[in-house]
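Below is one structure; the comments refer to it alone.
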Amino acid sequence: MSLCHALASGMGGIRTAGDLVARMQLRKMRQPQARRYVADKLGVGVIDLTDSTLMRELRAELDIGVVTGVPGAAKGIAAKMNIAELLDVPVGCVEKLRTRTRRT
Amino acid sequence: MGDGHAVTLTADELRRDLRDGSEQAARRAHIPPLDDADLEHLADIFLHPGRVTGVEPGHEVILTKDGCANTLYSGQMSSGVGVPLSREQGIRVMERAFGFDTMEVGHPDYSFKPAKPLLALEQLTMEQAQLDCIVPLFYGAMPNMGLYYRPDGPFDNPADLLPDGRVEEARDAQLEAADRLRRDILYVARGMADAGADGIDLDTTASAGDAELLASLQAVEQIVATTDLAVEVGMATELVLGFHGGLEYGGRRLAGMWPHQQLAAVEAAGAHIFGPAVTTDTGRTSPWNVARACTFVKACTRIAEIPVHANVGMGVGGVPTVEVQPSDIVTRAGVALVEVGGADGL
């Protein structure tokens, strides 16, 4: 059932920009506002956010994590450090990492 | 049908059921029914000849999910498929293979009460998962206040007291349980904030009625005031049951609240995402159930100031109450809740 919703209605997560828009919903932005915010930060149109071809290239360029296994690409929390900077929002686990490694 | 059996409807029967389902919701909750354009859009979704359907490009929404990876490794009681994966592996599969927008860590029993004594283990799983995954990670659990009553918990069971007419004792027991529940939710939430979770998901809220909802709202207030967690509140059903009957939040009686009224209370508590739940009637057709669910959800999305993620799992949101879901109805229900209900997510 989860897969049905992912294919029929979901944004696509890290295949596209779903994780980025989700981060803005976590800051109480409704979907149109969240999509617009992320599109502006990425410098693309709102319709491009779910274009898996375009987003695959853009995610690699921005080093914010890609869905395929690519050696050398930012993964996990490294990708989230870049996402926090790109979206200009704090990410809790990234802040914890900075504190624990005494980085600012 | 709402019980999963396949039926064939004529176009006229389909449109009749769509209108009837919407009008039933409107009458009960005193909310507007779907208009003619909405009903025709729903008819188009159901008349689509393909086995599965999808939203129009540009209409995609964010997915949050109760339990998440639990549905991979768990058993029948959670509609789980029994795949031998750890939670961490399951989260990676849901993120990288299924393209989910968010994920959760959740205890297999998926309630705050059993999660509490295992908090350290839950925190370790959260910390490890956060190192590995990219999508936002919630910790998810049900308030599930029924676990606090005898024989499972320390408090007298209102279901035993009420049939004996011991109303005040039943009310007192609910308030005692609610206070313990509030403290347990807060304890787990603060632990998850320490572990670097992005959010916490209170799932199936108010399953034990108005006292459970009160405890949950009070916990949300305190989570928002003392942590940086985003809070999602997903509901148990469309009407808050009045097992206590006299409880209020912000001057509004909790018992008898419909989804748009629940939304107002959840927003006032400071939550970040609201999840309305509309229970499926197994004796009605799926178009009837989907139209009814869309009517309740649209009454929320018209006024919402926070994202609305409509519940669309087994037995809610127009999805049949059946163990193995028919994909044609699941996809149509999701699409309808987004394109007609106006949901920001599912």
Taking the stretch B:246-278 only, how many residues are in contact with a strand residue (DSSP E or B) (Cβ under 9 Å, 6 or more places away or on another chain), farther than 24 Å from B:T102 by Cβ and part of a strand (DSSP E or B)?
-> 0
Of all the residues that make up the stretch B:207-218, how many are buried (at least 24 other Cβ atoms within 10 Å of the Cβ) and touching a residue at least 60 places away in the same chain (Cβ under 8 Å)?
-> 5
Scanning for something more than 8 Å from chain B (Cβ to nearest Cβ) and over 30 Å from B:V81 (Cα atoms), does the stretch A:11-21 turn up at least one residue?
-> no
Top-ranked residue of the stretch B:184-206 - restricted to ones that are of a type outside the set (G, A, S), outside any helix (DSSP H, G or I) and out of contact with any Ser or Thr (no Cβ under 6 Å at 6 or more places or on another chain), ranked as nearest to the other protein chains (Cβ to nearest Cβ) = B:D198
Within the stretch A:10-30, can one find any residue that is surrounded by fewer than 18 Cβ atoms within 10 Å (Cβ to Cβ) and in contact (Cβ under 8 Å) with a residue 60 or more places away in the chain?
-> yes
Report yes if some residue within the stretch B:89-102 is surrounded by 17 or more Cβ atoms within 10 Å (Cβ to Cβ), of a type in the set (D, E), more than 13 Å from every other protein chain (Cβ to nearest Cβ) and assigned to a helix (DSSP H, G or I); otherwise report no.
-> no
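Conditions tested, residue by residue: (1) closer than 26 Å to B:F138 by Cα; (2) within 14 Å of chain A (Cβ to nearest Cβ); (3) hydrophobic (A, V, I, L, M, F, W, C).
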residue: B:P259; (1), (2), (3): yes, no, no
residue: B:T285; (1), (2), (3): no, no, no
residue: B:D328; (1), (2), (3): no, yes, no
residue: B:V335; (1), (2), (3): yes, yes, yes
Would you call B:Q123 within 14 Å of chain A (Cβ to nearest Cβ), surrounded by fewer than 19 Cβ atoms within 10 Å (Cβ to Cβ), in contact (Cβ under 8 Å) with a residue 40 or more places away in the chain and in a helix (DSSP H, G or I)?
-> no
Filter the stretch A:34-59 down to the residues that are under 19 Å from B:A97 (Cβ atoms) and either in contact with a Leu (Cβ under 7 Å, 6 or more places away or on another chain) or more than 11 Å from chain B (Cβ to nearest Cβ) (or both), then identify the one that is surrounded by the fewest Cβ atoms within 10 Å (Cβ to Cβ).
-> A:T53
May I ask you to list pairs of residues, at least six apart or on different chains, whose Cβ atoms are under 7 Å apart, with the first in the stretch B:149-166 being surrounded by 11 or more Cβ atoms within 10 Å (Cβ to Cβ) and the second being of a type in the set (K, R) and not in a helix (DSSP H, G or I)?
-> B:D156/B:R150; B:N157/B:R150
Any chance B:L175 is within 23 Å of B:Q261 (Cα to Cα) and surrounded by 24 or more Cβ atoms within 10 Å (Cβ to Cβ) | no
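Bear in mind these aren't lab numbers, they're just calculated from the coordinates by the rules spelled out. Remember, it's a predicted structure, so these values are computed and weren't measured experimentally. A quick note on method: Cβ atoms are made from the backbone with ideal geometry, for glycine too, and the neighbour counts reach across all protein chains shown.
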